[in-house]
Amino acid sequence: MTETLIPFAEAIERYEPVIGLETHVELGTRTKMFCGCVTTFGAEPNSQTCPVCLGLPGSLPVVNRTAIEYTIRIGLALNCTIAEWCRFARKNYFYPDMPKNFQISQYDEPLCTDGYLDVEVNGKTVRVGIERVHLEEDTGKSLHVGGATGRIHGAEYSLVDYNRAGIPLVEIVTRPVTGTGEDAPVAARLYVTELRDLLRSLGVSDVRMEEGSLRCDVNTSLAPPGAPWGTRTETKNVNSLRSVERAVEFEIERQAAVLDAGGRVIQETRHLHEDTGTTTSGRSKEEAQDYRYFPEPDLVPVAPPRDWVEQIRASLPEAPAKVRARLRAEWNVSALEMDAIVNAGALDLVVQTVAAGASPADARKWWLGELSRRAHDTGTELTALPITPAQVARIAELVAAGTLNDRLARDVFDAVLAGEGDPDAIVEARGLAVVSDEGALTAAVDEAIAANPEVAAKIRDGKIAAAGVLVGAVMKATRGKADAARVRELILERLT
Ligand SMILES: [Zn+2]
């Protein structure tokens, strides 16, 4: 069924969006939440299981101290209050990938509450309230075999892999975010981006959205300006930054059409289709009471000592937003330029290239220009290009020293990316260095003047701009290896 949509700009003229995000993060602990099974991604199915995470009768859970510590780190970094005493709760529901028939989670006593994360959206700071950060265990994974889509519909049979069952999972729930208007989709994406960078800096998760270690449920509702908030829908398990933005955008366009037609938005979960950026109806949303939560009887309460919490607080790294502000000052770049670096996924690479000796301007120029283009052309991430920050710094150094010009530098980049070795070895092996021998340059310049008498005459008459033709001729004769600025100087010395 195709949904009726209202163009985004029109929808935003008539309705105010309210968004909310629930983000699940798999913690990078070595072992699972309540047992000693290891958590390596991609292992042989069901090879990382034991009686506890398989929910066998008589097995008892034990809390993973590192998972508690990581959750407190997250809570503190998000400016939350850390509970002095809290309990786990049993969330009862059946799902084939959940062997115990219940999930150990937290309900009315989360470990961290009432914080915030500031997000820069188009030059404005949006303070996103954090309602809670709680700890739970992940479920296993169902694999539907034989269908075209990998979904259960059309599948011949399904298999279950319990390796993921019991991996510590933190859920970070925002308060409703209001007042972002047409920026709502972007604000949602930037919040998840900022959160991802923060979590990465804390070292608590590898935050790989494509592997599912960070995934989002995106809530969206619409109401006419000034009216009470509308009914929200929840788009589940969105697993890329771009999709977070598209999910909000699509729901605004869809819900506006429903409201325009005098209809009612149904409270439900929805699935995002990554290929089209559209969502379709999932199931109507359960109420909390459907889960029959009760305090987990097999676990003692968690009461983190205050001095431990303060120790964790003292060990927090500088927040990414502060790092960016410091680097902006050090590198003397504008907010817009810094955004470009961050959006290209180049921040760490530029930092490392500067640390390896390049100037910030050179590091930015190569990573955002030439190398971004290569990454784009080959459909890879910048970080996946087979070139190191040290190699980029060395090429920049060779350009600064006049050994290479930009054109030759691009040839060296090509060769490094093709696996031909380090820049110096490539310059040597391919004879790529700039011709800086004055004798050779002067000879090439004289040849060019002799071959182009009419152009030379124009320059003698004061038409300096014509020098470009001669510079081009020299560059061609030297196969791009001359220093163009020096060639120009030599030409003008001779003709003016
Ligand atoms: Zn286990």
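I'm told Ala433 meets every condition in (1) more than 20 Å from the chain's Cα centre (by Cα); (2) crowded, with 19+ Cβ neighbours inside 10 Å except one. Can you identify the failing condition by its number?
Evaluating Ala433 over (1) more than 20 Å from the chain's Cα centre (by Cα); (2) crowded, with 19+ Cβ neighbours inside 10 Å leaves (2) as the failure.
I'd like to check something: does the stretch 113-120 contain any residue that is touching a residue at least 24 places away in the same chain (Cβ under 8 Å), within 16 Å of the ligand (Cβ to nearest atom), of a type in the set (A, V, I, L, M, F, W, C) and touching a helix residue (DSSP H, G or I) at 6+ places or on another chain (Cβ under 7 Å)?
From the stretch 113-120, those touching a residue at least 24 places away in the same chain (Cβ under 8 Å) are 113-120; that's our starting set.
From the residues that got through so far, the ones that are within 16 Å of the ligand (Cβ to nearest atom) too are none.
Among the residues of the stretch 113-120, not one is touching a residue at least 24 places away in the same chain (Cβ under 8 Å), within 16 Å of the ligand (Cβ to nearest atom), of a type in the set (A, V, I, L, M, F, W, C) and touching a helix residue (DSSP H, G or I) at 6+ places or on another chain (Cβ under 7 Å), which makes the answer no.
Scan the stretch 65-84 for residues that are small (Gly, Ala, Ser) and in a helix (DSSP H, G or I) and jot them down.
Ala67, Gly75, Ala77
Would it be correct to say that Ala227 is touching a strand residue (DSSP E or B) at 6+ places or on another chain (Cβ under 9 Å) and within 22 Å of Gly115 (Cβ to Cβ)?
no
What about Arg132, is it under 27 Å from the mean Cα position of the chain (by Cα), under 30 Å from Lys322 (Cβ atoms) and away from the ligand (no atom under 16 Å from the Cβ)?
Considered against the rule, which asks whether it is under 27 Å from the mean Cα position of the chain (by Cα), under 30 Å from Lys322 (Cβ atoms) and away from the ligand (no atom under 16 Å from the Cβ), Arg132 comes out as yes.
Report yes if Arg151 is of a type in the set (D, E, K, R) and modelled with pLDDT under 90, otherwise no.
Working: of a type in the set (D, E, K, R): yes; modelled with pLDDT under 90: yes.
Yes: the conditions hold for Arg151.
In the stretch 135-173, which residue that is among the basic types (Lys, Arg) and under 16 Å from Thr39 (Cα atoms) is farthest from the ligand (Cβ to nearest atom)?
Of the residues in the stretch 135-173, the ones among the basic types (Lys, Arg) are 141, 151, 164.
Applying the additional criterion that residues be under 16 Å from Thr39 (Cα atoms) yields 141, 164.
Working: Lys141: 15, Arg164: 11 Å.
Ranking the candidates gives Lys141 first.
Of the residues that make up the stretch 10-25, is at least one assigned to a strand (DSSP E or B), touching a strand residue (DSSP E or B) at 6+ places or on another chain (Cβ under 7 Å), within 16 Å of the ligand (Cβ to nearest atom) and modelled with pLDDT of 95 or more?
Checked the stretch 10-25: no residue is assigned to a strand (DSSP E or B), touching a strand residue (DSSP E or B) at 6+ places or on another chain (Cβ under 7 Å), within 16 Å of the ligand (Cβ to nearest atom) and modelled with pLDDT of 95 or more.
Against the definition (in a loop (DSSP other than H, G, I, E, B) and more than 16 Å from the ligand (Cβ to nearest atom)), how does Leu5 come out, yes or no? Write out each step before concluding.
Numbers: in a loop (DSSP other than H, G, I, E, B): yes; more than 16 Å from the ligand (Cβ to nearest atom): yes.
For Leu5, the condition - in a loop (DSSP other than H, G, I, E, B) and more than 16 Å from the ligand (Cβ to nearest atom) - is met.
Which numbered condition in (1) touching a helix residue (DSSP H, G or I) at 6+ places or on another chain (Cβ under 7 Å); (2) buried (at least 17 other Cβ atoms within 10 Å of the Cβ) is the only one that Gly28 fails?
So Gly28 meets the others, but not (1).
Go through (1) in a helix (DSSP H, G or I); (2) surrounded by 19 or more Cβ atoms within 10 Å (Cβ to Cβ) and name the single condition Ala390 misses.
Result: Ala390 fails condition (2) only.
Answer with yes or no whether Arg246 is charged (D, E, K, R), within 22 Å of Gln106 (Cβ to Cβ) and out of contact with any Ser or Thr (no Cβ under 6 Å at 6 or more places or on another chain).
no
All but one of (1) surrounded by fewer than 21 Cβ atoms within 10 Å (Cβ to Cβ); (2) in contact with a Leu (Cβ under 8 Å, 6 or more places away or on another chain); (3) not aromatic (Phe, Trp, Tyr) hold for Ala77; state the number of the condition that does not hold.
Among (1) surrounded by fewer than 21 Cβ atoms within 10 Å (Cβ to Cβ); (2) in contact with a Leu (Cβ under 8 Å, 6 or more places away or on another chain); (3) not aromatic (Phe, Trp, Tyr), Ala77 violates only (1).
Residues Gly146, Gly166: which one is buried (at least 23 other Cβ atoms within 10 Å of the Cβ), more than 23 Å from the chain's Cα centre (by Cα), among the small types (Gly, Ala, Ser) and on the phi > 0 side of the Ramachandran plot?
On the way: Gly146 fails: buried (at least 23 other Cβ atoms within 10 Å of the Cβ).
One residue alone meets the criteria, Gly166.
Would you mention how many residues in the stretch 123-173 are among the polar types (S, T, N, Q), free of Cβ contacts under 8 Å to residues at least 60 places away in the same chain and either part of a loop (DSSP other than H, G, I, E, B) or closer than 30 Å to Asp339 by Cβ (or both)?
3
Taking the stretch 33-73 as the search range and keeping residues that are hydrophobic (A, V, I, L, M, F, W, C), more than 11 Å from the ligand (Cβ to nearest atom) and modelled with pLDDT of 95 or more, which one is surrounded by the fewest Cβ atoms within 10 Å (Cβ to Cβ)? Full working, then the answer.
First, pick out the residues of the stretch 33-73 that are hydrophobic (A, V, I, L, M, F, W, C): 33-35, 37-38, 41, 43, 50, 52-54, 56, 60, 62-63, 67-68, 72.
Applying the additional criterion that residues be more than 11 Å from the ligand (Cβ to nearest atom) yields 41, 43, 60, 63, 67-68, 72.
Cutting the leftovers down to modelled with pLDDT of 95 or more gives us 60, 63, 67-68, 72.
On the way: Leu60: 10, Val63: 16, Ala67: 23, Ile68: 19, Ile72: 25.
It comes out as Leu60.
Taking the stretch 202-258, which residues are charged (D, E, K, R) and either buried (at least 22 other Cβ atoms within 10 Å of the Cβ) or assigned to a helix (DSSP H, G or I) (or both)?
Selection gives Glu210, Glu211, Arg242, Glu245, Arg246, Glu249, Glu251, Glu253, Arg254.
The values are calculated or read from the model by the stated rules, or taken from the named source; none is laboratory data. The shown structure was predicted, so the numbers you read here are calculated from the model rather than taken from an experiment. Every residue, glycine among them, receives a Cβ derived from its backbone with ideal geometry; neighbour counts consider all protein chains shown.
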